[in-house]
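To start, the structure itself, in structure tokens.
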Amino acid sequence: MFKFINVAYDQSPLCKNSYRMRNKVLAFVGDSIGRQQFQSLICMLTGGDDEALVEDVSKSYGLEKPQGSIRADGIALRFIESNTTIIYYWSATLCELQLLNQTSPEETEYAMHLDRPSTFIQKYVKSMDVLVLNTGHHWNRGKMNANKWVMYVDGKPNSNQRLFRDLGLARNYTIHKVTEWLHNQRERNLTMADIYVRSLSPRHFFNGEWDTGGRCDNNLVPVEERNVSGRQVLDHAFESAVFETRVHLLNITYLSQFRDEAHISKYKPDRSGQDCLHWCLPGVPDVWNELLYAEILSRDTRATKYM
């Protein structure tokens, strides 16, 4: 059993109406910002009750910590009263990753299959009722090299040099392939999950990046709309990928753009630079979950109306 620290979420519509997710499974699959959305939702669903009864069911989803690893690839928590399971699985690019040398796992490179969703999605999507995906900030050369990811397409090393040179194009390709696969799963009734892709969470670095003195501690209040220049900020890769599919877009990019004061900023524990990518909690990811719940509620209402 878990006991959660009391935080000021007890007025949230999610905890008041969470019976809508009774006996259901909701999974977040994505990077560390996806993990923040998961953490936000867990706090919202406890409603500030530090005696909330929550069971760790990670083992049922293969989420045990591998020997020698710092942490497990994810966690699954079941709210006992409602039998609602909330899962987080770390998959920074949503791609299937495959060891290229099984005998030397600490040194080997990984095949990063751009046209296949992560193994976790392939294995467990049939048991999910809601699936929320995100990917974005790990599509850079530094992450690729550090993680020893090697692009594969059609089961063999990628030969398309454009994908190798342009990681934005590679991300776009992967998003379309993963969305296409999930759409086909819904069309063939191999899953009944409502599937969402969450658009890109904006960064607010100025005067540099995370490792070059970038900061975001210039504001104490949200930005007003008249102070945001340019067109509405969107995630075009996800927008185009979900077009005419059974996959839905959870668009949080534009509304989050106004909250440059809501990042961890200079208050990160190690004080080595500023974190203008992740968010303070409670905070902006709570709004994403309110939007997600409104989407779930809306689709549930429409489905009930036409039954």
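The values are calculated or read from the model by the stated rules, or taken from the named source; none is laboratory data. Every value quoted in this text rests on a predicted model; they were computed, and no experiment measured them. No Cβ is skipped: glycine too gets one built from the backbone with ideal geometry, and neighbour counts run over all protein chains shown. Note: areas computed on protein heavy atoms with side chains; ligands, DNA, RNA excluded. Shrake-Rupley method; radii C 1.70, N 1.55, O 1.52, S 1.80 Å.
In table form, for the structure just shown:
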read-out: Candidates Val132, Val125, Val153 - the one that is in contact with a Leu (Cβ under 6 Å, 6 or more places away or on another chain), of a type outside the set (Ser, Thr, Tyr) and open to solvent by less than 80 Å² (accessible area, probe 1.4 Å); value: Val153
read-out: Members of the range 85-118 that are open to solvent by 10 Å² or more (accessible area, probe 1.4 Å) and of a type in the set (A, V, I, L, M, F, W, C); value: Trp90, Leu97, Leu99, Leu100
read-out: Output for the range 37-78, where each listed residue is part of a loop (DSSP other than H, G, I, E, B) and modelled with pLDDT of 80 or more; value: Leu53, Val57, Gly62, Leu63, Glu64, Ala72, Asp73
read-out: Conditions (1) at pLDDT below 95; (2) of a type in the set (Gly, Ala, Ser); (3) closer than 15 Å to Glu180 by Cα: number failed by Ser118; value: (1)
read-out: Only listed residue being without any contact (Cβ under 8 Å) to a residue 60 or more places away in the chain and loosely packed, with under 13 Cβ neighbours inside 10 Å, chosen from Asn189, Asn219; value: Asn189
read-out: Pick from the range 73-84, criterion open to solvent by less than 30 Å² (accessible area, probe 1.4 Å) and not polar (S, T, N, Q), ranking: nearest to the chain's Cα centre (by Cα); value: Gly74
read-out: The range 272-284 residues that are within 19 Å of Arg198 (Cβ to Cβ) and part of a loop (DSSP other than H, G, I, E, B), paired with ones that are open to solvent by 30 Å² or more (accessible area, probe 1.4 Å) and among the β-branched types (Val, Ile, Thr) (beta carbon under 7 Å, 6 or more apart); value: Cys280/Ile264; Pro282/Val7
read-out: Filtered residues of the range 79-91 (kept if at pLDDT 90 or above and under 14 Å from Val25 (Cβ atoms)); value: Phe79, Asn83, Thr84, Thr85, Ile86, Ile87, Tyr88, Tyr89
read-out: Meets criteria (in contact with a Cys (Cβ under 9 Å, 6 or more places away or on another chain) and either in a strand (DSSP E or B) or in contact (Cβ under 8 Å) with a residue 60 or more places away in the chain (or both)) for Val178; value: yes
read-out: Search result, residues across the range 176-186 that are surrounded by 19 or more Cβ atoms within 10 Å (Cβ to Cβ) and in contact with a Ser or Thr (Cβ under 7 Å, 6 or more places away or on another chain); value: Thr179, Gln185
read-out: Helices (runs of 4 or more DSSP H) (entirely within the range 117-167) containing at least 2 residues that are in contact (Cβ under 8 Å) with a residue 40 or more places away in the chain and touching a Phe, Trp or Tyr at 6+ places or on another chain (Cβ under 7 Å); value: 119-124
read-out: Residue count for the range 2-36, restricted to those that are at pLDDT below 55 and outside any helix (DSSP H, G or I); value: 12
read-out: Members of the range 78-112 found to be in contact (Cβ under 8 Å) with a residue 60 or more places away in the chain and of a type outside the set (A, V, I, L, M, F, W, C), listed by number; value: Ser82, Asn83, Thr84, Thr85, Tyr88, Tyr89, Ser91, Thr93
read-out: Output for the range 175-190, where each listed residue is out of contact with any strand residue (DSSP E or B) (no Cβ under 8 Å at 6 or more places or on another chain) and either more than 14 Å from Leu133 (Cβ to Cβ) or among the hydroxyl-bearing types (Ser, Thr, Tyr) (or both); value: Asn184, Glu187, Arg188, Asn189, Leu190
read-out: Looking only at the range 23-40, and only at residues there that are under 8 Å from the mean Cα position of the chain (by Cα) and among the aliphatic types (A, V, I, L, M), the one that is nearest to Thr85 (Cα to Cα); value: Val29
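Table: residues versus (1) open to solvent by 70 Å² or more (accessible area, probe 1.4 Å); (2) at pLDDT 70 or above; (3) closer than 30 Å to Ile195 by Cβ; (4) in contact with a Lys or Arg (Cβ under 7 Å, 6 or more places away or on another chain).
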position	(1), (2), (3), (4)
Gly208	no, yes, no, no
Thr212	yes, yes, no, no
Val233	no, no, yes, no
Ser240	no, yes, yes, no
Leu249	no, yes, yes, no
Ile252	no, yes, yes, yes
Gln257	no, yes, yes, no
